[in-house]
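Beneath this line is the structure, given in structure tokens, with notes to follow.
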């Protein structure tokens, strides 16, 4: 309130000084009128009182509200800045470790590829060994079949040659004697 009165007095003094200056310049129609000056002061005082009573509370409420909103906005901005800095730090640490993680993933993939290649090689070697065994078995079977075939042919040839030799060299009496001995041997063994 003291401030308001001081402001009103200062304004009144300024109005008086202005009216005196105007009179001194010859703008007035005679002597300065103190009553007009006092009425101006009164009018100015009433105006200041109206402003103080009605407009000043609205202005102070607006300024308080605006101050609170500004403080809240600054706090929200500070929180957002902290969060952004945290996100930035996380991002930078992830970017720093990204190359390490990429190298690790590359090594893991190479290790998987090596294991798969080793498995494929082992499978191919096992298949080759199985094919070798099958080829050996087949070759052995072919050799055995060829031997049997040769033995059968040899036996047939021997029987044929022996038959020819026996037919030329043996007489009918010899043949009957051999057949008789064969039958006796057969009966004795059964």
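Since every read-out is calculated from the coordinates, none of them should be taken as a lab result. As the structure is a prediction and not an experimental result, all values here were calculated from the model. Methodologically, a virtual Cβ is constructed for each residue, glycine included, from the backbone with ideal geometry; neighbour enumeration extends over all protein chains shown.
All C-alpha to C-alpha distances of the range 86-190, sorted into 5 Å bins beginning at zero, yield P(r) values of 2, 9, 6, 7, 7, 7, 5, 5, 5, 5, 5, 4, 4, 4, 4, 3, 3, 3, 3, 2, 2, 2, 2, 1, 0 percent in whole numbers.
Assuming R0 = 45 Å, what is the FRET efficiency of residue 121 and residue 95, from their Cβ-Cβ distance, to the nearest 0.05? Working from the Cβ atoms, E equals 0.70.
Taking 0.36 nm per residue of separation and subtracting the current Cα-Cα distance, fully stretching the chain between residue 188 and residue 165 would add 5.5 nm.
Projected label points at residue 35 and residue 73, each 7 Å from Cα along the beta carbon direction, are separated by 5.4 nanometres. Extension gain for residue 157 to residue 176 (0.36 nm times residue separation, less C-alpha to C-alpha distance): 4.5 nm. Between the C-alpha center of the range 150-166 and that of the range 120-148 there is a gap of 35 Å. Each semi-axis of the equivalent ellipsoid for the range 56-109 is √(5λ) with λ an eigenvalue of the Cα gyration tensor; in descending order they amount to 51, 6, 4 Å. Working note: Cα atoms of the range 114-170, range along each principal axis, descending, whole Å: 80, 7, 6.
A full extension of the chain between residue 148 and residue 135 corresponds to an added length of 2.7 nm, given 0.36 nm per residue minus the alpha carbon distance.
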